[in-house]
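Below is a structure I'd like to ask you about.
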Amino acid sequence: VAGICAASVVLGGCVIAGGDHAPCARPGDISRRYASPTAFYAKDITIPAGYETVRLPGIIPDALPSGEFGGDTERQAENVFTKIAAALKDAGASEADVVAMTVYLASPTPGGNMDFDGMMRAYGRHYGSDTQPNRPVRSTVQVAGLVRPGVLVEIEVTAAVRPLNLCDVNWQP
């Protein structure tokens with residue numbers, strides 16, 4: 001029995017019933033519900049057991065060659081979303097796998113308001129578009145400042161990726 005249990009751990013997703021190997025089970029699909037078809041973010045997301053989590057830390061825009069952070073909120077957000085897409089790809093995920101996002105925005109002018117609309121223009125090119133319709137649950141907050149002067153946007157994301165099911169390959173014990 002111990003050998004059978006160990007095999008089930010290694011095969012992750014295969015089910016053993018009564019000592020016999022049952023067909024392998026793939027994790028179900030992620031469920032995303034939206035308040036409306038055009039909502040900018042999901043009202044809730046359910047991730048079934050078996051998914052792997054990819055967590056990216058807060059990502060800020062690239063500095064200019066001068067070392068300063070230039071551009072408006074939209075330009076900085078576009079740079080951050082592009083960096084997020086690349087980091088997700090390196091981790092074996094994509095923007096379509098993002099299930100949660102926290103956006104931190106600083107005001108472009110001292111004491112002013114964040115440029116939410118600028119961030120949303122960049123966001124809409126990456127999430128909820130015809131080419132990538134998935135939208136994560138999301139929180140957006142205005143902060144007094146970010147890690148460096150001139151940084152207007154910092155974004156952290158969590159993605160859920162369906163793992164490779166070893167039962168789908170020609171695995172031999």
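Sort through 147, 137, 151 and tell me the only one that's closer than 25 Å to residue 47 by Cα and among the β-branched types (Val, Ile, Thr). Give the steps one after another, and end with the answer.
Numbers: 147 fails: closer than 25 Å to residue 47 by Cα; 151 fails: closer than 25 Å to residue 47 by Cα.
Just a single option satisfies the conditions, and that option is 137.
Which one of the conditions (1) open to solvent by 40 Å² or more (accessible area, probe 1.4 Å); (2) at pLDDT below 95 does residue 142 fail to meet, given that it meets all the rest?
(2)
Go through the stretch 145-163 and give me each residue that's open to solvent by less than 60 Å² (accessible area, probe 1.4 Å) and either more than 20 Å from residue 78 (Cβ to Cβ) or not in a strand (DSSP E or B) (or both). Working first, answer last.
First pass over the stretch 145-163, keeping only residues open to solvent by less than 60 Å² (accessible area, probe 1.4 Å): 145-146, 150-161, 163.
Within the stretch 145-163, 145, 146, 150, 151, 152, 158, 160, 161, 163 meet the criteria.
Among the residues of the stretch 60-79, is any surrounded by 12 or more Cβ atoms within 10 Å (Cβ to Cβ) and under 16 Å from residue 158 (Cβ atoms)?
Checked the stretch 60-79: no residue is surrounded by 12 or more Cβ atoms within 10 Å (Cβ to Cβ) and under 16 Å from residue 158 (Cβ atoms).
List the strands (runs of 3 or more DSSP E) inside the stretch 28-144, counting only whole elements, that have at least 1 residues being farther than 23 Å from residue 163 by Cα. Walk me through how you get there before you give the answer.
Details: elements: 31-33, 44-46, 52-59, 98-106, 137-143.
Result: 52-59, 98-106, 137-143.
Any residue that is at pLDDT 95 or above and within 17 Å of residue 40 (Cβ to Cβ) - is there at least one of those in the stretch 81-90? Show your work before the answer.
Going residue by residue through the stretch 81-90, those that are at pLDDT 95 or above are 81-90.
With the extra rule that they be within 17 Å of residue 40 (Cβ to Cβ), the set shrinks to 81, 84.
Yes, the stretch 81-90 contains at least one residue that is at pLDDT 95 or above and within 17 Å of residue 40 (Cβ to Cβ).
Taking the stretch 80-118 as the search range and keeping residues that are among the charged types (D, E, K, R) and under 15 Å from the mean Cα position of the chain (by Cα), which one is most open to solvent (accessible area, probe 1.4 Å)? Give the steps one after another, and end with the answer.
Within the stretch 80-118, the first condition is being among the charged types (D, E, K, R), and the residues that meet it are 83, 89-90, 95, 97, 115, 117.
With the extra rule that they be under 15 Å from the mean Cα position of the chain (by Cα), the set shrinks to 83, 89-90, 95, 97.
On the way: 83: 63, 89: 158, 90: 138, 95: 34, 97: 41 Å².
Among residues in the stretch 80-118 that are among the charged types (D, E, K, R) and under 15 Å from the mean Cα position of the chain (by Cα), the one most open to solvent (accessible area, probe 1.4 Å) is 89.
Just need a number here: residues in the stretch 78-126 that are more than 26 Å from residue 145 (Cβ to Cβ) and in contact with a Pro (Cβ under 7 Å, 6 or more places away or on another chain).
Residues flagged as more than 26 Å from residue 145 (Cβ to Cβ) and in contact with a Pro (Cβ under 7 Å, 6 or more places away or on another chain) within the stretch 78-126 amount to 1.
Does residue 83 fit the bill of being free of Cβ contacts under 8 Å to residues at least 24 places away in the same chain and under 30 Å from residue 50 (Cβ atoms)? Step through it out loud before you land on a result.
Working: free of Cβ contacts under 8 Å to residues at least 24 places away in the same chain: no; under 30 Å from residue 50 (Cβ atoms): yes.
In short, no.
To continue, here is another question. Any chance the stretch 41-49 includes a residue that's open to solvent by 60 Å² or more (accessible area, probe 1.4 Å), over 24 Å from residue 81 (Cβ atoms) and modelled with pLDDT of 85 or more? Can you show your working first?
Just the residues of the stretch 41-49 that are open to solvent by 60 Å² or more (accessible area, probe 1.4 Å), to begin with: 41, 43, 46-47, 49.
Among the residues that remain, those that are also over 24 Å from residue 81 (Cβ atoms) are: 46, 49.
Checking the rest, the ones that are also modelled with pLDDT of 85 or more come to 46, 49.
Among the residues of the stretch 41-49, at least one is open to solvent by 60 Å² or more (accessible area, probe 1.4 Å), over 24 Å from residue 81 (Cβ atoms) and modelled with pLDDT of 85 or more, which makes the answer yes.
The values are calculated or read from the model by the stated rules, or taken from the named source; none is laboratory data. All values reported here derive from a predicted model rather than from experimental measurement. Methodologically, a virtual Cβ is constructed for each residue, glycine included, from the backbone with ideal geometry; neighbour enumeration extends over all protein chains shown. The protein model used for the area step is the full one, side chains on, heavy atoms only, and it has no ligands, DNA or RNA in it. Shrake-Rupley method; radii C 1.70, N 1.55, O 1.52, S 1.80 Å.
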